[in-house]
Amino acid sequence: MALTLISALGAETYTRLIEIWGSAVTATHHFLAPEHYAYFEDSLPGYFPNLELTGAHVDGHLVGYSATTPSSLGMLFVHADSRGQGVGRALLGEALDRYPDLKLEVNEQNPDARKFHERHGFAITHRNDVDGFGFPYPILHMARRP
């Protein structure tokens with residue numbers, strides 16, 4: 001497996017990024033109501049231009065991505081077919097190399113994501129009962145342990 005990270009993904013990748021998001025969310029977000037899935041899917045293209053996008057390519061095929069700002073990891077998604085192969089670890093490592101003090105949020109109902117980030121030095125700093133859109137999905141805020 002040849003894993004390559006490519007930064008500054010452009011608009012030509014957005015369709016594939018949404019496919020990756022959909023695959024990852026279907027595999028991990030069993031709690032997400034269909035209408036909220038559709039809402040987020042429709043909203044994604046509006047977020048991408050405002051984030052630093054890094055793509056993970058395996059054997060030349062885009063299979064995952066991260067979306068960051070200097071202070072936060074806004075998205076990290078890996079296609080369901082590529083989970084458990086080090087793609088998420090590589091994306092997170094690259095983001096932390098650029099921004100060591102990144103903070104992030106995970107859905108409380110996605111324990112795999114919480115455990116993944118805890119294995120990489122993150123700890124829960126606080127919790128909200130709803131997500132940033134007011135939907136009924138508790139959010140765990142995480143930061144690197146000192």
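What follows draws every value from the coordinates through simple rules; no lab data is involved. This structure is a prediction, so every number in the text was calculated from the model and none was measured. For neighbour counting, all protein chains shown are included, and Cβ atoms are generated from backbone atoms with ideal geometry for every residue, glycine included.
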**OP:** Output the relative contact order of the chain, whole-number percent, from Cα pairs under 8 angstrom with separation of 6+ residues.
**Re:** 20 percent
**OP:** For every other residue with a beta carbon closer than 14 angstrom to the beta carbon of Ala123, add +1 if it is Lys or Arg and -1 if Asp or Glu, then tell me the sum.
**Re:** +4
Original post:
Counting every Cα pair in the stretch 48-115, what percent are over 17 Å apart?
Top reply: 42 percent
Original post:
Taking every pair of alpha-carbon atoms in the stretch 1-93, what share in percent sits in each 5 Å bin, from 0 to the bin with the longest distance?
Top reply: 3, 14, 26, 26, 19, 10, 2, 0
Original post:
How many nm separate the modelled label positions at Ala27 and His57, each set 7 Å beyond the Cα in the direction of the Cβ?
Top reply: 2.1 nm
**OP:** Net charge near Ile18: determine it from the other residues with C-beta under 13 Å of the C-beta of Ile18, scoring Lys and Arg +1 and Asp and Glu -1.
**Re:** -3
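Expressed as a rounded percentage, what relative contact order does the stretch 52-115 have, with Cα pairs under 8 Å and six or more residues apart?
Values: 83 pairs, mean separation 16.7, N = 64.
26 percent.
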Original post:
Roughly how many whole Å is it from the C-alpha centroid of the stretch 1-47 to that of the stretch 111-143?
Top reply: 19 Å
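Can you give the local net charge around Thr69? Use residues other than it whose beta-carbon is closer than 13 angstrom to its beta-carbon, Lys and Arg +1, Asp and Glu -1. Don't jump to the answer; show the numbers that get you there.
On the way: positive: Arg98, Lys103; negative: Glu52, Asp101, Glu105.
Overall, the nearby charge balance is -1.
Which value at 222 nm does the chain reach when only helices count, each DSSP H run of 4 or more adding -39,500 (n - 2.57), with the total divided by all residues and rounded to the nearest 500 deg cm²/dmol? List each step's numbers first, then the result.
Numbers: 4 runs with 50 residues, N = 146.
It lands at -10500 deg cm²/dmol.
What is the extension gain from Arg98 to Arg144, computed as 0.36 nm multiplied by their sequence separation minus the C-alpha to C-alpha distance, in nm to one decimal?
On the way: separation 46, 0.36 × 46 = 16.56 nm, distance 1.42 nm.
Difference between extended and current length: 15.1 nm.
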